[in-house]
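Working notes for the structure below.
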Amino acid sequence: MEANSGKSTTNASSLRWKILRRNLIRRSSSNSEDKSEMGIQRISRKATHGFNLIPFHLMKDRVEENVNSMDSSRNATLCYTLPVTNASPLILHQRADDMAHLNDFEVCNRYDIDNTGLVCQWPSEDVLAHYCLSRASIFRGKRVIELGSGYGLAGLIVAMTTEAREVFISDGNPQVVDYIQRNVNANSGSFGGTEVKPLMLHWGQEKDSDISNTFDVIIASDCTFFKEFHGALVRTIKSLLKKEGPSEAILFSPRRGNSLDKFLGEVKDSGLHFSTDEMYDTEVWRRHQGFVEGDDSWPNYEMDHCYPLLVRITR
């Protein structure tokens with residue numbers, strides 16, 4: 001996403017490096033840095049628990065096999081309690097809060113990707129996961145892929161609760177894919193007959209691959225963040241959706257100024273069709289209204305930047 005401050009526009013890569021600096025050098029911002037700090041706040045806006053739709057707790061003293069002590073100290077393990085009869089707990093390994101590493105940004109530059117999947121579990125992912133949980137019939141018996149999945153919460157929930165035939169959980173960042181693999185391993189006993197596969201996927205580079213035009217359902221959340229990736233994301237969606245029979249992409253994303261509208265313009269120009277929905281779930285809407293009315297558990301909540309719209313894309 002591009003962040004505007006007055007008449008100037010700061011590009012996303014510049015803001016990413018400023019986020020890195022803020023994490024590595026903990027000090028108060030001077031008055032001369034206030035405007036750029038506002039820009040950082042706009043692209044890193046996040047609540048401690050977001051919409052908090054699926055209960056979870058932090059697991060302490062959990063030791064993973066084949067993970068050295070240094071890596072372990074940088075990580076947190078969450079345990080989600082899924083509101084489904086007889087569902088197993090969902091284990092999610094992720095970076096500990098406020099942990100930034102220079103290597104993260106070197107990887108971003110090398111692969112021309114962003115590092116948002118490592119920063120945190122974004123609120124739109126929480127909403128996507130809740131939506132998938134409550135609409136399991138969409139995925140039953142289907143071939144599903146999650147794009148830009150981060151740690152893979154929504155994809156894992158689809159795999160564990162919906163009786164999907166096959167679930168790919170993908171990201172373009174190799175560090176994130178390592179976490180996806182660890183999370184698939186941690187929950188492997190809970191997938192039933194569903195095949196689950198981590199996948200390194202760079203948007204726009206899957207044409208004529210063995211996964212082209214093979215998916216019944218694509219899911220994604222907060223993937224319209226950076227405008228420079230819109231075109232590649234649309235091409236990826238178009239190339240992955242099945243041509244024969246019904247298929248669709250289900251995305252959740254806040255408007256963020258004109259970012260979502262620009263993405264939808266790319267969707268239209270590609271020949272795909274889309275619809276948007278603001279009131280798609282009564283519980284999500286109820287919590288949204290609470291935040292708007294001043295629920296102090298999300299003090300910097302703004303609908304434009306925080307509330308995800310449902311976007312459905314078809315051929």
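So the values come out like this:
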{"read-out": "Alpha-carbon spread of the stretch 264-315, three principal axes, descending order, Å", "value": "43, 21, 11"}
{"read-out": "Charge context of GLY141, other residues only, Cβ under 11 angstrom, K/R +1, D/E -1", "value": "+1"}
{"read-out": "Size of charge dipole - the stretch 114-261 - debye, nearest 20, with Cβ of Lys, Arg +1 and Asp, Glu -1, no other charges", "value": "280"}
{"read-out": "Backbone HN-Hα couplings from phi across the stretch 137-144 [Karplus 6.51/-1.76/1.60, Hz, Gly and Pro as x]", "value": "5, 4, 9, 4, x, 9, 9, 10"}
{"read-out": "Only Lys, Arg (+1) and Asp, Glu (-1) charged, at Cβ; the stretch 158-216 dipole about Cα centre in debye", "value": "160"}
{"read-out": "Solvent accessible area, Å² - MET160, 1.4 Å probe, full protein context", "value": "30"}
{"read-out": "Those GluC sites (Glu not before Pro) in the stretch 233-315 that DSSP places in a loop and that have at most 16 other beta carbons within 10 Å", "value": "GLU244, GLU278, GLU293, GLU302"}
{"read-out": "Using θ = phi - 60° and Karplus 6.51 cos²θ - 1.76 cosθ + 1.60, couplings along the stretch 222-230 (whole Hz; Gly, Pro as x)", "value": "6, 9, 9, 4, 9, 5, 5, 9, 4"}
{"read-out": "Cβ-based net charge around GLU166, under 14 Å, with every Lys or Arg adding one and every Asp or Glu removing one", "value": "+1"}
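The values are calculated or read from the model by the stated rules, or taken from the named source; none is laboratory data. Keep in mind the model is a prediction, meaning the values are calculated, not measured. Methodologically, a virtual Cβ is constructed for each residue, glycine included, from the backbone with ideal geometry; neighbour enumeration extends over all protein chains shown. The accessibility values were calculated without ligands, DNA or RNA, using every heavy atom of the protein model including side chains. Shrake-Rupley method; radii C 1.70, N 1.55, O 1.52, S 1.80 Å.
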